[in-house]
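Colleague: This structure is in structure tokens; I'll ask about it shortly.
The values are calculated or read from the model by the stated rules, or taken from the named source; none is laboratory data. Quick caveat, the model's predicted, so the values are computed rather than measured. A quick note on method: Cβ atoms are made from the backbone with ideal geometry, for glycine too, and the neighbour counts reach across all protein chains shown. Accessible surface is based on the protein model in full, side chains and every heavy atom, while ligands, DNA and RNA are left aside. Shrake-Rupley method; radii C 1.70, N 1.55, O 1.52, S 1.80 Å.
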Amino acid sequence: MSTPPTDQTANAQVAADLSEFVSASPSSYHATAAAADRLGAAGFHRLDERDSWALEPGRGYFVVRDGAIIAWMTPTETASVIPPFRVLGSHTDSPAFKLKSGEEFTTAGVRQVGVEIYGGPLLNSWLDRELAFAGRLSLADGTVVLARTGAIARIPQLAIHLDRQVNEGLTLDKQRHTTPIVGLADLAEADVLELLAASAEVDPELIVGHDVYTIPVQEPALFGAAAEFFASPRLDNLLSVHAGVTAMVGLDAEALDHLALFAGFDHEEIGSNSRSGASGPFLADVAERIVASLYPDATRSDHLAALAGSVCVSSDAGHAVHPNYQERHDPQVRPRLGGGPLLKHNAQQRYATDAVGTAMWAQACAAAGVEYQDFVSNNSVPCGSTIGPLTATRMGMTTVDVGPALYSMHSAREMCAISDVVALGAAAKAFLQGA
């Protein structure tokens, strides 16, 4: 059996770049910092929400709000009317365990720390993996710093000798069975917060608050008979964040006839209800300020007219048909790894895709020269949701839900086809450019 020809060099380059981005992004706060670094290196100007903005045509800008980031490119020529927005939306957070407040404690001769579950991780996938801690620390003087430890924790599974029925069904108590160990009781040289403080080069006595999460330390990697698969933590949804940032830095401002914007929201995995989530005001605030700066004489009616002609592509991970659980998928619509990015449909508007948005996505994929594939859920297995319906509700834009196909979504280590990473990036750029 022959293998279809692939551009393995291009795939390897994209895989290396995505690996670098994921490794630099252990938390949503690190992800926004990594995105900001890439945008800044490409000439995008960082703005502060607390300042007045004086935007110029033909330039790129970005702004960070906690663990969220919005970047945009303005057309070189300012039209007499406000042009529409083309928005690519994604989210920066991923399921994990969040460090609780409180002291470390000792049990059965080992030191442990309290954690609570963030989002909906596949709990069993986090067992028996070396874990680090990463996030942000707030200091007594109001300073906020990013921090990450090395591999210091693990959630060990109970040996089969002590649970002979474990292979007939594993049940984990979220309080008792998911508490990480971080050391031996008689070797307590430094606790987790002290190690985080050391990584950020700050005094641990100055820490007054923290948003810190567990991360698997195994690096992303290509694998498969033809190196066609890519395995990594946090592909949901750093893969889409990477595609959006990469697309933004490759835009040609002189060819734009619209406002191209990338939004990476935080807290999608827990419902998006925060000031940096898609249900919050971040995107609406930024859009309003862009219009106010570039079109100071525009009315609110003009602004609403521009939004009515705008479109958002919400890019978030979706499911390929799992070969070992085919009955969990729709029997007729069969997306696969390597088949291109997904176009996600749901009659209950858990995904925001409609016929109009479908046409726009089809045009972007055709311009990029990539195939896309439809996704619908099995009627007996309700789907999740994304930032798409939230953005459509909040902004009134035509919105379409797309994303890369994965296996093992919400696992500590997810997987995809590297060709789908390349295809999603090409389609994202075509959409934002307006090709």
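Colleague: How big is the gap, in Å, between the Cα center of the range 68-131 and the Cα center of the range 181-211?
Modeller: Cα centroid of the range 68-131 versus Cα centroid of the range 181-211: 21 Å apart.
Colleague: Assigning unit charges at the beta carbon (Lys, Arg +1; Asp, Glu -1) and nothing else, what dipole magnitude in debye, to the nearest 20, does the chain show about its Cα centre? The partial results should precede the final answer.
Modeller: Details: 28 positive and 50 negative charges, 168 e Å.
It works out to roughly 800 debye.
Colleague: Here's another thing I want to ask about it. List every residue whose amide H lies under 5 Å from the amide H of Gly89, counting only residues 5 or more places away in sequence or on a different chain, with H placed 1.01 Å from N in the peptide plane.
Modeller: Residues meeting the amide H criterion: Ala263, Val313, Ser314, Ser315.
Colleague: Reachable lysines from Lys344, Cα under 24 Å, same-chain residues fewer than 8 places away excluded?
Modeller: Lys429
Colleague: Using Cα positions and a limit of under 28 Å, work out the lysines in reach of Lys98, with same-chain residues fewer than 8 apart set aside.
Modeller: Excluding near neighbours in sequence, the set is Lys174.
Colleague: Which residue, His45, Ile215, Ala417, has the largest displacement toward the positive end of the dipole of the chain when charges sit on each Cβ (Lys, Arg +1; Asp, Glu -1)?
Modeller: Ranked along the dipole, the leading option is Ala417.
Colleague: What FRET efficiency, computed as 1/(1 + (r/R0)^6) with R0 = 41 Å and r the Cβ-Cβ distance, is obtained for Asp285 and Asp186, rounded to the nearest 0.05?
Modeller: After rounding, the FRET efficiency stands at 0.20.
Colleague: If you take the square roots of the eigenvalues of the alpha-carbon gyration tensor of the chain and sort them as a ≥ b ≥ c, do you get rounded (a/c under 1.5), prolate (a/b over b/c) or oblate?
Modeller: Numbers: a/c = 1.94, a/b = 1.30, b/c = 1.49.
Verdict is oblate for the chain.
Colleague: Show the residues, 5+ positions off or on another chain, whose built amide H is closer than 5 Å to the amide H of Thr398.
Modeller: Ser310, Cys312
Colleague: Whole-Hz ³J(HN,Hα) for each residue in the range 177-188, computed from phi via Karplus 6.51 cos²θ - 1.76 cosθ + 1.60 with θ = phi - 60°, x for glycine and proline: what do you get?
Modeller: Each residue's phi maps through the Karplus curve to give 9, 10, 8, x, 9, 10, x, 7, 4, 8, 10, 7 Hz.
Colleague: Would you please classify the overall shape of the range 67-133 from the alpha carbon gyration tensor, given that a ≥ b ≥ c denote the square roots of the eigenvalues, rounded means a/c under 1.5, and beyond that prolate means a/b larger than b/c while oblate covers the rest? Intermediate results must be reported in sequence, preceding the final value.
Modeller: Working: a/c = 4.95, a/b = 3.49, b/c = 1.42.
It is prolate, given that a/c is not under 1.5 and a/b is the larger ratio.
Colleague: Quick check: residue separation of Ala54 and Val81 times 0.36 nm, minus the Cα distance between them. What number comes out in nm? Spell out each step's value before the answer.
Modeller: On the way: separation 27, 0.36 × 27 = 9.72 nm, distance 1.81 nm.
Net length gain for the segment: 7.9 nm.
Colleague: For the range 220-349, what is the accessible area per residue in Å², given a 1.4 Å probe and the full set of protein chains? List each step's numbers first, then the result.
Modeller: Numbers: 5250 Å² over 130 residues.
Ligands and nucleic acids excluded, the figure is 40 Å² per residue.
Colleague: Here's another thing I want to ask about it. Would you mind giving the average projected area, over all directions, of the Cα convex hull of the range 96-216 in nm² with one decimal? Mind showing how you got there, number by number?
Modeller: Numbers: hull surface 31.7 nm².
Projected area, direction-averaged: 7.9 nm².
Colleague: Could you pull out the GluC sites (Glu not before Pro) across the range 174-214 that fall in loop regions by DSSP (anything but H, G, I, E, B) with no more than 12 other Cβ atoms inside 10 Å? Intermediate results must be reported in sequence, preceding the final value.
Modeller: Working: sites: Glu189, Glu194, Glu201, Glu205; in loops: Glu189, Glu201.
Within the range 174-214, the qualifying GluC sites (Glu not before Pro) (loop, at most 12 other Cβ atoms within 10 Å) are Glu189, Glu201.
Colleague: Projecting each Cα onto the charge dipole of the range 96-216 (Lys/Arg +1, Asp/Glu -1 at the beta carbon, about the Cα centre), which of Thr171, Ala188, Val144 comes out farthest on the positive side?
Modeller: Farthest towards the positive pole: Thr171.
Colleague: Keeping the other protein chains in place, figure out the carbon and sulfur percent of the accessible area of the chain, with a 1.4 Å probe. Don't skip to the answer; put the middle values down first.
Modeller: On the way: 9800 of 19600 Å².
Result for the chain: 50 percent of the exposed heavy-atom area is carbon or sulfur.
Colleague: For the chain, what does -39500 (n - 2.57) per DSSP helix run (n ≥ 4), summed and divided by total residues, give at 222 nm, in deg cm²/dmol to the nearest 500?
Modeller: Values: 9 runs with 115 residues, N = 435.
When only DSSP H runs of four or more count, the value is -8500 deg cm²/dmol.
Colleague: What trypsin sites (Lys or Arg not before Pro) does the range 292-400 have in DSSP loop regions with at most 16 other beta carbons within 10 Å? Can you show the working numbers first?
Modeller: Working: sites: Arg300, Arg328, Arg336, Lys344, Arg350, Arg394; in loops: Arg336, Arg350.
Filter output for the range 292-400: Arg336.
Colleague: With unit charges on the beta carbons (Lys and Arg positive, Asp and Glu negative) and the dipole taken about the Cα centre of the chain, which residue among Pro323, Met73, Pro281 sits farthest to the positive side?
Modeller: Going by the Cα projections, it comes out as Pro323.
Colleague: Oh, and also: Non-local amide H neighbours of Leu406 (under 5 Å, H modeled in plane, Pro and chain starts lacking H): which ones?
Modeller: Gly318, His319, Ala320
Colleague: Using 16 Å as the cut-off for backbone N distance, which residues of the range 289-328 belong to the label zone defined by a point 7 Å from the Cα of His45 along Cα→Cβ?
Modeller: Within reach of a label on His45: 289-296.
Colleague: Sticking with this one: Kindly provide the trypsin sites (Lys or Arg not before Pro) of the range 45-134 that DSSP labels as loop, not H, G, I, E or B, and whose Cβ sees at most 13 other Cβ atoms within 10 Å. Intermediate values should be presented prior to the final figure.
Modeller: Details: sites: Arg46, Arg50, Arg59, Arg65, Arg86, Lys98, Lys100, Arg111, Arg129; in loops: Arg50, Arg59, Lys100, Arg129.
Counting only loop positions with at most 13 other Cβ atoms within 10 Å, the trypsin sites (Lys or Arg not before Pro) in the range 45-134 are Arg50, Lys100.
Colleague: Can I ask one more? Applying the Karplus parametrisation 6.51 cos²θ - 1.76 cosθ + 1.60 with θ = phi - 60° to the phi angles of the range 59-76, what ³J(HN,Hα) value in whole Hz is obtained for each residue in order, glycine and proline being reported as x?
Modeller: Result, ordered by residue: 10, x, 9, 8, 9, 10, 10, 6, x, 10, 9, 10, 10, 8, 10, 9, x, 5 Hz.
Colleague: Go through the range 145-150 residue by residue and turn each phi into a ³J(HN,Hα) via Karplus (6.51, -1.76, 1.60, θ = phi - 60°); whole Hz please, and just put x for glycine and proline.
Modeller: So the Karplus estimates, Gly and Pro as x, are 10, 8, 8, 7, 9, x Hz.
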